[in-house]
Amino acid sequence: MPDKTFEPKIVAFFCNWCTYMAADSAGVSRMKYAPNARVVRLMCSGRIDPQFVLDAFAKGADGVLIGGCHPGDCHYQEGNYKTLRRVQLLKRVLKEMGIEEERFRLEWISAAEAERLRATMNDMVEKVRALGPLRLSNKEVMREEVAV
Amino acid sequence: MSNQNGSVRIGVYICHCGTNIAGTVDVKSVAERAARLPGVVVSREYKYMCSDPGQELIRSDVQEHKINRVVVASCSPLLHEHTFRKAAEKSGLNPYLTHMVNIREHDSWVHVGQKEEATRKADDLIRAAVRRIRYHKPLEKGYVKIQADVLVVGGGIAGIHAALTLANAGKHVYLVERDPTIGGHMAKFDKTFPTLDCAACILTPKMTAVKAHPNITLWTLSEVTAVEGYVGNYEVTVTRHPRYINEELCAGCMQCVEACVYKQARFDDEFNEGLGKRKPVYIPFPQAIPQVVLIDPEACIEFKKGTCKKTCVEACGDRHAIDFQQKDEVKKIKVGTVVLSTGFQAVDPKKVPYYGYGTYPNVYSSMEVERLINASGPTGGEVVLRDGSHPKSVGIIHCVGSRDEYTNKWCSRVCCMYSLKLAHLIKEHTGAEIFNFYIDMRTPGKGFEEFYQRLLQEGVHFIRGKVAEVTDWALDKSEEGKLVLRVEDTLSAFVRRIPVDMVVLSVGLEPHADAQEVRRLFNISCGGEGFFTERHPKLAPVSTFTDGVFLAGCCQGPKDIPDTVAQAGAAASEALALIDAGQIEIEPNTAYVVEEACSGCQTCIGLCPYHAITRLEDKKKATVNPVLCKGCGTCVAACPSGSLRQNLFEDEQIFEEIEGVLDYAR
């Protein structure tokens with residue numbers, strides 16, 4: 001039975017031009033969504049160092065969401081393709097570490113897609129809630145490894 | 001706590017935004033908790049931080065409490081980051097020692113009714129910012145120079161007005177239009193509401209002025225195909241499609257049209273919405289600008305078979321203006337600012353199949369009726385049915401492709417008024433009985449409601465109800481040979497069948513089919529419906545999130561001619577303001593290399609889409625050209641040795657944010 005009182009902590013990395021603006025737009029439209037995510041704004045999803053994701057998991061996040069512009073729409077031409085490449089690799093690493101797939105997501109959400117942002121936030125929270133808190137067996141080791 | 005900048009003294013300011021934030025977030029307790037965070041010297045909450053007294057709080061705290069870092073928790077940084085940086089600067093701080101926390105758009109507005117959760121979220125985000133800002137360092141402001149030349153894309157009334165305003169101010173304007181003539185939709189209209197002045201009479205003098213203006217380079221049949229660079233320094237590629245006529249040599253005498261081997265015009269005339277015919281060589285309409293003919297290669301025998309007698313060339317004689325060899329011509333220009341005025345497309349009435357457009361010949365779109373009414377139109381201004389007879393009764397259906405779940409949800413703003421105008425004009429031309437079918441009558445504008453009252457007095461019928469269908473299925477004699485509109489008259493609560501001779505579909509306005517491509521070219525954004533997004537709906541209505549790119553007219557959303565012209569003037573003056581300032585401040589969020597750590601591996605070089613990174617051959621290290629760097633940070637994330645760093649998005653700052661939101665500081 002999943003713990004009903006468990007509120008997942010989600011760290012979200014949003015690019016300034018698409019997904020961050022979609023979140024702004026969701027606010028302006030007074031959409032309501034789950035309050036679990038904390039957004040870290042970056043200029044481009046291409047800025048996301050895989051270490052950011054590992055650090056978030058190591059320091060207590062139950063899920064990590066990356067939001068960027070749709071392929072072809074990157075404000076910086078192709079930063080999001082670099083993100084995609086890194087995410088593919090990182091997913092395999094996370095799997096090796098025993099972190100379930102649903103805990104780490106990359107979504108393309110344009111500035112126009114406030115509704116998609118709302119739905120993604122809610123869906124992510126629901127899926128991670130169903131998984132329960134992230135329990136890393138070697139959490140301490142990992143924290144040391146990724147520390148800068 | 002200290003770093004290279006001495007001891008860190010942070011001021012935290014939490015904005016109520018009236019009740020926008022304070023209604024959902026317990027700002028008082030948030031401020032109290034923030035006061036206990038390491039490094040925080042003062043923590044305050046205030047009604048409106050962006051107001052003068054709000055900014056004054058920061059100023060006095062810099063003096064009194066010697067704060068040297070400012071965290072403002074309020075709205076989105078996209079809205080007010082600039083405001084608070086300015087405030088910090090006025091107080092004597094480096095503007096980049098501020099950081100904004102978004103607790104309105106990302107918190108209070110999306111978690112209404114969840115005070116506890118929203119408050120906790122604000123706590124977390126502020127804690128992250130407080131931790132992050134310890135690693136901020138003073139940065140130099142960056143500036144770029146603004147080139148004076150301007151590009152205006154789209155030559156409808158918006159583009160024409162913007163171009164003339166800029167050119168009259170002495171700036172050189174490149175006006176690029178895709179069609180063979182400027183004038184846009186307005187040139188097709190007969191009269192304009194509510195004053196009923198003739199569209200051509202007010203538009204064509206402006207079109208002529210564009211052509212005659214020494215500061216305007218007009219390129220018709222042309223499209224922007226590539227845009228590079230950034231505010232102040234855009235390099236734009238314009239592809240000029242062949243007209244097969246040398247514009248400089250053609251005098252617009254039309255003798256070639258006369259002489260064409262096609263004695264009868266037999267090709268659909270686009271300007272007349274296909275209601276009239278034209279020849280392969282033609283001028284779109286008599287007042288077209290430029291006053292130059294063009295050849296349609298799809299229709300011309302010479303292009304199709306190469307066997308034409310070329311009577312047109314003969315007729316042109318010594319001018320030698322006809323050139324069958326013309327090819328696409330690529331022009332490269334440098335401009336500092338851009339006005340996008342690419343307009344709209346009318347909704348295709350076939351998208352609403354139950355109104356029978358394309359099935360019943362006497363169902364017309366409103367754009368077709370504009371041409372039928374127009375004295376220079378295919379019928380010389382006579383409103384006639386397809387068989388040449390005059391309609392005795394006409395039904396005008398509002399909101400076709402507007403306010404509709406199945407097509408477009410938005411109100412197109414102009415249809416009620418132009419439907420009234422068409423009702424008036426059709427009645428004037430034919431004396432027919434007119435029925436208007438409307439959902440709501442929307443007449444917000446100067447003289448608009450008065451115009452509606454006038455129509456009511458003229459005896460036009462108004463039926464409130466959304467028409468269910470148009471059919472030719474007659475139930476009795478009176479309906480035979482007619483088009484029957486089935487509608488619930490919601491004011492009398494009856495379902496009615498109204499037989500008419502002619503149906504006019506008042507189609508809505510929607511973004512161009514290729515608006516997304518234009519959006520990508522200029523790196524701006526669109527709303528969900530596809531219109532270009534302005535920087536702020538109220539405070540920056542003609543700016544975009546891409547500096548130096550401005551919006552005018554219906555590409556930003558449906559609007560009437562007065563609003564379009566007003567917006568075009570606003571866009572032109574925004575561009576002028578930039579040009580006359582001569583320079584613009586840019587984000588100093590560029591990447592830089594810590595040379596000692598760089599191994600010279602060159603991973604970063606291929607990643608940069610702007611070619612901003614090069615390798616110093618003598619030192620075997622990478623170096624970033626800050627003028628070319630746009631600050632995406634992709635190279636920073638990829639550097640295996642951590643020697644690439646990004647101003648305002650340093651690794652330490654981001655790690656602190658991550659850990660801050662995860663509650664490890666408590």
* Which one of these does B:Gly252 not meet: (1) in contact with a Phe, Trp or Tyr (Cβ under 7 Å, 6 or more places away or on another chain); (2) at pLDDT below 95? -> (1)
* Tally time: how many residues in the stretch B:204-249 are under 17 Å from B:His172 (Cα atoms), surrounded by 21 or more Cβ atoms within 10 Å (Cβ to Cβ) and among the small types (Gly, Ala, Ser)? -> 1
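Provide a single number: the residues in the stretch B:205-241 that are part of a loop (DSSP other than H, G, I, E, B), in contact with a Lys or Arg (Cβ under 6 Å, 6 or more places away or on another chain) and more than 30 Å from B:Tyr143 (Cβ to Cβ). Write out each step before concluding.
Going residue by residue through the stretch B:205-241, those that are part of a loop (DSSP other than H, G, I, E, B) are B:213-215, B:220-221, B:231-232, B:241.
Filter once more, so that each one left must be in contact with a Lys or Arg (Cβ under 6 Å, 6 or more places away or on another chain): B:221, B:232.
Filter once more, keeping what is more than 30 Å from B:Tyr143 (Cβ to Cβ): B:221.
Selection size over the stretch B:205-241: 1.
Inspect all residues belonging to the stretch B:98-121 and state whether any of them is farther than 30 Å from A:Thr5 by Cα and in contact (Cβ under 8 Å) with a residue 60 or more places away in the chain.
no
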* Among the numbered criteria (1) under 30 Å from B:Arg454 (Cα atoms); (2) part of a loop (DSSP other than H, G, I, E, B), which single criterion is violated by B:Cys201? -> (2)
* For the stretch B:587-628, what are the residues that are at the interface with another protein chain (Cβ under 10 Å from one of its Cβ atoms) and free of Cβ contacts under 8 Å to residues at least 40 places away in the same chain? -> B:Leu607, B:Cys608, B:Pro609, B:Tyr610
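Could you check the stretch B:36-58 and list, in sequence order, the residues that are closer than 16 Å to B:Cys15 by Cβ and over 35 Å from the mean Cα position of the chain (by Cα)? If you could, list the steps in order and put the result at the bottom.
Step one: filter the stretch B:36-58 for residues closer than 16 Å to B:Cys15 by Cβ, giving B:42-58.
Correct list: B:Val42, B:Ser43, B:Arg44, B:Glu45, B:Tyr46, B:Pro53, B:Glu56, B:Leu57, B:Ile58.
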* Please specify each residue of the stretch B:494-521 satisfying the condition of being at pLDDT 95 or above, in contact with a strand residue (DSSP E or B) (Cβ under 6 Å, 6 or more places away or on another chain) and not in a strand (DSSP E or B). => B:Asp501, B:His512
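Residue-by-condition table, conditions (1) closer than 15 Å to B:Arg127 by Cβ; (2) out of contact with any helix residue (DSSP H, G or I) (no Cβ under 8 Å at 6 or more places or on another chain); (3) surrounded by fewer than 21 Cβ atoms within 10 Å (Cβ to Cβ):
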{"position": "B:Tyr48", "(1), (2), (3)": "no, no, yes"}
{"position": "B:Ile58", "(1), (2), (3)": "no, no, no"}
{"position": "B:Gln63", "(1), (2), (3)": "no, yes, yes"}
{"position": "B:Ile67", "(1), (2), (3)": "no, no, no"}
{"position": "B:Ala73", "(1), (2), (3)": "yes, no, no"}
{"position": "B:Thr83", "(1), (2), (3)": "no, no, yes"}
{"position": "B:Ala87", "(1), (2), (3)": "no, no, no"}
{"position": "B:Lys90", "(1), (2), (3)": "no, no, yes"}
* Asked: Would a scan of the stretch B:656-664 turn up a residue that is more than 14 Å from chain A (Cβ to nearest Cβ) and of a type outside the set (Gly, Ala, Ser)?
  -> no
* Asked: Which condition breaks for B:Tyr96 when tested against (1) over 29 Å from the mean Cα position of the chain (by Cα); (2) within 14 Å of another protein chain (Cβ to nearest Cβ)?
  -> (2)
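Look through the stretch B:470-490, keep the residues that are outside any loop (DSSP other than H, G, I, E, B) and of a type outside the set (A, V, I, L, M), and return whichever of them is farthest from B:Val503 (Cα to Cα).
As a first pass, look at the stretch B:470-490 and keep what is outside any loop (DSSP other than H, G, I, E, B): B:470-471, B:477-479, B:483-489.
From what's left, of a type outside the set (A, V, I, L, M): B:471, B:477-479, B:486, B:488-489.
Values: B:Thr471: 11, B:Lys477: 19, B:Ser478: 17, B:Glu479: 14, B:Arg486: 12, B:Glu488: 17, B:Asp489: 17 Å.
Among those residues, the one meeting the criterion is B:Lys477.
The values are calculated or read from the model by the stated rules, or taken from the named source; none is laboratory data. These numbers were taken from a predicted model, which means no experiment stands behind them. Cβ atoms come from the backbone with ideal geometry, glycine included; neighbour counts cover every protein chain shown.
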